[in-house]
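The values are calculated or read from the model by the stated rules, or taken from the named source; none is laboratory data. A quick note: this is a predicted structure, and the numbers were derived from the prediction, not measured. Methodologically, a virtual Cβ is constructed for each residue, glycine included, from the backbone with ideal geometry; neighbour enumeration extends over all protein chains shown.
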Amino acid sequence: MTNSADRPTILIEMDGHTVATAEVHGTHVPGLVHTDMHVESGPLPVGARSRLVDAVLAHPDVDHADRLLATMPLGDVEMLQRVRQRCSEVEAHAAGATKVVEARMKHEAPERS
């Protein structure tokens, strides 16, 4: 995969192999960011899907957004569950073999010392 300024690629590697990837796309809608999440076929190490969601949500473009529009494999429950844990107002629907997930980002207030 190529890594370009307008489509940063996030890679999750385990045991020396890439098991999941995501691309982050800007949109023309202020406060909205889009990401395409992919996982390798077959059994994956436990937590690989959650690690991908966490890496996407930690990406600066996503972290600074108000809303997330994500595509992921239709049958992937772990990724959707992680988005629900980390975001609010999560809605998901099928689009062919893809699941489209819309969510509002939770921005934690900085701790005061």
Quiz item: Looking at the range 74-113, which of the residues that are farther than 21 Å from residue 30 by Cα and hydroxyl-bearing (Ser, Thr, Tyr) is modelled with the lowest pLDDT?
Solution: 113
Practice problem: Run residue 71 past the list (1) over 17 Å from residue 18 (Cβ atoms); (2) modelled with pLDDT of 95 or more; (3) in contact with a Leu (Cβ under 9 Å, 6 or more places away or on another chain) and report the number of the one that doesn't hold. | Solution: (3)
Quiz item: If you take the residues of the range 42-66 that are over 12 Å from the mean Cα position of the chain (by Cα) and under 17 Å from residue 24 (Cα atoms), which of them is surrounded by the most Cβ atoms within 10 Å (Cβ to Cβ)?
Solution: 65
Quiz item: How many residues are in a loop (DSSP other than H, G, I, E, B) and among the hydrophobic types (A, V, I, L, M, F, W, C) if we restrict to the range 31-65?
Solution: 3
